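Data first, discussion second: the structure below is written as structure tokens.
Just so you know, all these numbers are worked out from the coordinates, no wet-lab data involved. Worth saying up front: this structure is predicted, and the values here are computed from it rather than measured. Note that each Cβ is placed from the backbone with ideal geometry, even for glycine, and that neighbours are counted across all protein chains shown.
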Amino acid sequence: MRTDPQRRRFLRTGLGLAALGAAGMGIQAAARTQLMNPCRAALPLELAKHEIVRAAWAGLDAAQVVDVHAHLAGSGDGGSGITISPRMLSPLYPMEYLQRLFYLNAGCAHDDPGRVDASFVDRLHNLAEGMAPGFRLLLFAFDRAYDEAGTPLPDRTAFHVPNIYAREVARRDPQHFEWACSVHPYRADCVEALEAAKRDGARAIKWLPPAMGIDPASPKCDRFYEAAARLRLPLISHGGEEKAVHGHGSPAFGNVMRLRRALDHGVPVIVAHCATLGEDTDLDRGAQGRRVPSFALFSRLMDDPRYTDRLFGDISAITLRNRDTALLRAVIERTEWHSRLLYGSDYPLPGILPLMSPASLARDRMLDAAAAPVLEHIREHNPLLFDFVLKRHLVSNGKRFAPCVFESRRLLDRLSGQDDRIMRLTAAPASPTTAPQP
Ligand SMILES: [Zn+2]
């Protein structure tokens, strides 16, 4: 296995942009010329019809393919209610500023005042159109940070995407979008908020515990967990280290072992990125247990028979260059896990050019060398398609992700109780003779 700690460290340091330093407005120009996604529109025919694109869709029912990990971003200029912390808007805080710029650029939102929110969604719509008909994205709301008393902390909230906005974006384009709510468990109204979200069609709940200030192991979450289990709302929670959003809580809140409390309440949990980044304390050895890779703790929970029908993982972001290739290989080679994995892209991250490298995956022999330049070209036009085709073609020691990983709708439907509804409908009496008498 090829390791390149220096490269990884560079990328880990705030999306690899630390080297650009505190050069104020110069940053913007430098970033634009060297690293920005060119944001081209439609896919040229030779790419759309390319063998590797055709092969990626072959054998899949596109109507079952759901990207279960997609972020909505914006600036709030279109009335979305999205807020970004002042630090993220100020060139005086170059890291945050660059992160915002990159997030928005990766979604190719225009910087024109009044058009950022709408441009982000327009772009997402166009990209989804470039996928096979039936493909959908699960769009994430993103709740504020709260303190332990349940008071919102706007100043400590890096980023807020209201549930209503995610719901409306999904409603306006049901051919392409579904939505996941985000509800902080310390909110006094958390149960009502979950009930409203379920009524309004939310398919899951999204948490980023370190940024939102959520300790998933806290008894304060119990009311929330009881409601989530009752409402059949799976929890998509971040596991391991988080680089994308700075926030309010302790990094220790990202420890997947803290999610046992949710699992033990009967909540289906989908660990984002299969916890492939960072280290956490092995809490089975006490609060002072040694630090181990977060992925080792995720693996321990996955291999615990009590959680077979309850714990899952999404494969978003696992191909980012800040990950250890050995972990990507492990997720692919653990084929017994595949029926519990769901496809996700972590959009807009696949549109950030330096974060993923098909060429280095080809050097690691996880991708056909001839596919790398084609994938680079696809990414310039459609980062969603790029991420999908890339993951469909990944290979490690002769193993690949099973088709069920990509046909994630079946599992998502089962976890959110949608398959019960379908079964009840199809099991409905076909003729009056079998119908129960009133
Ligand atoms: Zn994400």
Sequence-distant residues sharing a close amide H with Asp67 (under 5 Å, placed H): Arg136, Leu137, Leu138
Distance histogram in 10 Å bins (all Cα pairs of the stretch 162-224, percent per bin): 22, 48, 24, 5
Average projected area [Cα convex hull, the stretch 263-310], square nanometres: 3.6 nm²
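Quick check on the stretch 250-345: take the gyration tensor over C-alpha atoms, sort the square-rooted eigenvalues as a ≥ b ≥ c, and tell me if it's rounded (a/c under 1.5), prolate or oblate. All intermediate terms of the calculation are to be shown ahead of the outcome.
Numbers: a/c = 1.67, a/b = 1.12, b/c = 1.48.
Judged from the Cα gyration tensor, the stretch 250-345 comes out oblate (a/c at least 1.5, b/c at or above a/b).
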Estimated vicinal HN-Hα couplings, Hz - the stretch 289-294 in sequence order (Karplus 6.51, -1.76, 1.60; Gly, Pro = x): x, 6, 7, 10, x, 3
Residues with amide H under 5 Å from that of Leu342, placed H, sequence gap 5 or more: Gly313, Asp314, Ile315
Under Karplus coefficients 6.51, -1.76 and 1.60, residue-wise ³J(HN,Hα) of the stretch 52-61 in Hz, glycine/proline x: 6, 6, 4, 5, 5, 8, 4, x, 10, 8
Three-way shape call for the stretch 109-209 based on the alpha-carbon gyration tensor, with the a/c threshold at 1.5: oblate
Vicinal HN-Hα couplings computed from phi for the stretch 236-241 (Karplus, 6.51 cos²θ - 1.76 cosθ + 1.60; Hz; Gly/Pro x): 9, 10, 5, x, x, 6
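Order 321-333, 360-372, 155-167, 281-293 from most to least packed using the mean count of other Cβ atoms within 10 Å.
The most tightly packed comes first, giving 155-167, 321-333, 360-372, 281-293.
Can you check what the net charge comes to around His184, using other residues whose Cβ is under 9 Å from the Cβ of His184 (Lys, Arg +1; Asp, Glu -1)? Walk me through the intermediate numbers first.
Values: positive: Arg144, Arg187; negative: Asp143.
Charge balance in the 9 Å sphere: +1.
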Distance histogram in 10 Å bins (all Cα pairs of the stretch 280-428, percent per bin): 10, 34, 32, 18, 6, 0
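Set the Förster radius R0 to 30 Å, insert the Cβ-Cβ distance between Val292 and Asn397 as r into 1/(1 + (r/R0)^6), and round the FRET efficiency to 0.05.
Working: r = 24 Å, r/R0 = 0.80.
The value I calculate is 0.80.
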Residues Asp309 and Thr335, FRET efficiency given R0 of 25 Å [Cβ-Cβ distance, rounded to 0.05]: 0.85
Packing-based order for 258-268, 178-188, using average beta carbon neighbours within 10 Å, highest first: 178-188, 258-268
Cα principal axis extents for the stretch 177-283, largest first, Å: 37, 31, 22
Long-range HN-HN contacts of Phe159 with modeled amide H, under 5 Å: Ser85
Approximate shape of the stretch 336-399 as ellipsoid semi-axes (Cα gyration tensor, √5λ), whole Å, largest first: 19, 16, 9
